[in-house]
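The values are calculated or read from the model by the stated rules, or taken from the named source; none is laboratory data. These figures come from a predicted structure and were not determined experimentally. Here the Cβ positions follow ideal geometry from the backbone for every residue, glycine too, while neighbour counts run over all protein chains shown. Ligands, DNA and RNA are excluded from the accessible area calculation, which covers all protein heavy atoms including side chains. Shrake-Rupley method; radii C 1.70, N 1.55, O 1.52, S 1.80 Å.
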Amino acid sequence: MNTKDWKILLVDDEHEFITTLAERLELRGINARVVFDGESALLAVAQDEPHVMVLDVLMPGIKGLEVLERVKRSNPQVQVLLLTGHGSTRDGIEGMRLGAFDYMMKPLNIDTLIEKMESAIDYAGKAASLGQ
């Protein structure tokens, strides 16, 4: 799938961080929708199911792991990459147990993020072709 066809949802309450990330992805030909909280993320998934959601773990309101659980129940084919910025892998590991595709620590390496998004999309395509 061409990167221009990817549906990416970025979710983080750090406005400057996530809008800058979206701009950096756009410079590489990847368009991403940006939302700033868990409630908006759930609405965005319901409105226009993304291929990949890049989701911050620690946000006010609905926390990232709860968003992950709810998305995996309602839209299991959405691949979720968790972000954690607090030097702890505990939330990332818990997220993997709950169905996240992978997790990354902030600050992000943009090329690594793109590679993980591509892997998640490839994985979802293979799972869909197997009827999973």
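Points worth noting:
- Computed over the alpha-carbon pairs of segment 63-132, the distance histogram in 5 Å steps reads 3, 17, 25, 25, 19, 8, 2, 0 percent, short to long.
- Cα-Cα P(r), segment 17-90, percent of pairs per 10 Å interval: 19, 53, 27, 2
- For the residue pairs LYS106/LYS126; LYS4/LYS72; LYS4/LYS116, the alpha carbons lie more than 19 Å apart in LYS106/LYS126; LYS4/LYS72.
- Relative frequency of Cα-Cα separations exceeding 17 Å in the chain, percent: 53 percent
- Distance from the C-alpha centroid of segment 50-93 to that of segment 1-24: 15 Å, rounded to the whole angstrom.
- For the chain, a Gaussian network of Cα nodes joined below 10 Å ranks ARG70, ARG24, ARG97 by mean-square fluctuation, and the top entry is ARG97.
- Environment charge at GLY99 (Cβ cut-off 10 Å; Lys +1, Arg +1, Asp -1, Glu -1): +2
- Relative contact order [Cα under 8 Å, 6+ residues apart], segment 3-131, whole percent: 21 percent
- Carbon and sulfur %, accessible surface of the chain computed with the full protein complex present, 1.4 Å: 50 percent
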